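K.L.:
Structure below; questions to follow.
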Amino acid sequence: MAMTDEELFMASMGDVTPLAKNNHIELQKKKNSPTLSQLEKRKAAEQELEFDANYLSTEYVDLLDPHDLLSFKKSGVQHGVFKNLRLGKYQVDATLDLHGKTFREARKTLFDFVTDCQQRSIRVLLIRHGIGLNSKPHPAILKSYTNKWLQEMPIVLAFHSALKCHGGSGSTYVLLTKSNEKKLENREQHAKR
């Protein structure tokens, strides 16, 4: 004859004695020191919390066609100045090549390069970002972000896709504001007149 659920329970619990009402069991917490991987994760999180001066966006960007021309001019930039930039008539003083860089590397490198050039009074740059025909998961990702990032930087006055001899639509001429040093120099020079 088969036993009922209640009979099975009572048979298996027969040797168990109930705790007295005044018996207290205290659980002791064992303190474990953090593992190496936990320490590394903590250190990485703390570094992320440190101030990052790079304000360039990592959010969604409208993707461009690989062959699109980039063109941007802030208000106040003279038409003739922009035309000369577009036609490659200004001497390129510094060049940055972003080919083969990851998204994070490109973002950091572009920000550091443009900021450094402006501080060194370099006004005209050439940025080689490529057209991105074979970039994954979408074509022209780096080109699209370069377009967005340059527009986000207050020190960038204007930019335009380069002439064929400088890389065509895979490169961009960039015009920067004057450094504070150069602005002061100009003020002093014009004040003497």
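The values are calculated or read from the model by the stated rules, or taken from the named source; none is laboratory data. What you are looking at is a predicted structure, and each value in this text was computed from that prediction instead of being measured. Cβ: placed from backbone, ideal geometry, glycine included. Neighbour counts: every protein chain shown.
K.L.:
Filter the range 111-139 for residues that are in contact (Cβ under 8 Å) with a residue 60 or more places away in the chain and in contact with a helix residue (DSSP H, G or I) (Cβ under 9 Å, 6 or more places away or on another chain); which is nearest to Asp68 (Cα to Cα)?
P.N.:
Top of the filtered list is Ile131.
K.L.:
Also, quick follow-up: Residue check: is Ile155 of a type in the set (Val, Ile, Thr) and surrounded by fewer than 17 Cβ atoms within 10 Å (Cβ to Cβ)?
P.N.:
Spelling it out, Ile155 is indeed of a type in the set (Val, Ile, Thr) and surrounded by fewer than 17 Cβ atoms within 10 Å (Cβ to Cβ).
K.L.:
Go through the range 160-192 residue by residue and tally those that are more than 13 Å from His129 (Cα to Cα) and either surrounded by fewer than 20 Cβ atoms within 10 Å (Cβ to Cβ) or aromatic (Phe, Trp, Tyr) (or both).
P.N.:
Count: 19.
K.L.:
Would it be correct to say that Leu85 is in a helix (DSSP H, G or I), closer than 14 Å to Ser171 by Cβ and touching a residue at least 24 places away in the same chain (Cβ under 8 Å)?
P.N.:
When the stated conditions are applied, Leu85 passes them.
K.L.:
Of everything in the range 162-193 that's of a type in the set (Ser, Thr, Tyr), outside any helix (DSSP H, G or I) and at pLDDT below 95, which residue is nearest to Val92 (Cα to Cα)?
P.N.:
Thr177
K.L.:
Applying the selection to the range 111-164, what residues are charged (D, E, K, R), over 16 Å from the mean Cα position of the chain (by Cα) and more than 30 Å from Lys183 (Cβ to Cβ)? Steps first, please.
P.N.:
Within the range 111-164, the subset charged (D, E, K, R) is 112, 116, 120, 123, 128, 136, 143, 148, 152, 164.
Retained after the next criterion (residues that are over 16 Å from the mean Cα position of the chain (by Cα)): 116, 120, 123, 128, 136, 164.
Those that are charged (D, E, K, R), over 16 Å from the mean Cα position of the chain (by Cα) and more than 30 Å from Lys183 (Cβ to Cβ): Lys136, Lys164.
K.L.:
Separate question: Can you tell me how many residues within the range 101-147 are of a type in the set (D, E, K, R), within 20 Å of Gly168 (Cβ to Cβ) and either buried (at least 20 other Cβ atoms within 10 Å of the Cβ) or touching an Asp or Glu at 6+ places or on another chain (Cβ under 8 Å) (or both)?
P.N.:
2
Yes/no per residue for (1) within 30 Å of Ser121 (Cα to Cα); (2) among the polar types (S, T, N, Q); (3) at pLDDT below 90; (4) surrounded by 14 or more Cβ atoms within 10 Å (Cβ to Cβ):
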{"position": "Asn23", "(1), (2), (3), (4)": "no, yes, yes, no"}
{"position": "Ser33", "(1), (2), (3), (4)": "no, yes, yes, no"}
{"position": "Ser37", "(1), (2), (3), (4)": "no, yes, yes, no"}
{"position": "Asp52", "(1), (2), (3), (4)": "yes, no, yes, no"}
{"position": "Gln91", "(1), (2), (3), (4)": "yes, yes, no, no"}
{"position": "His99", "(1), (2), (3), (4)": "yes, no, no, no"}
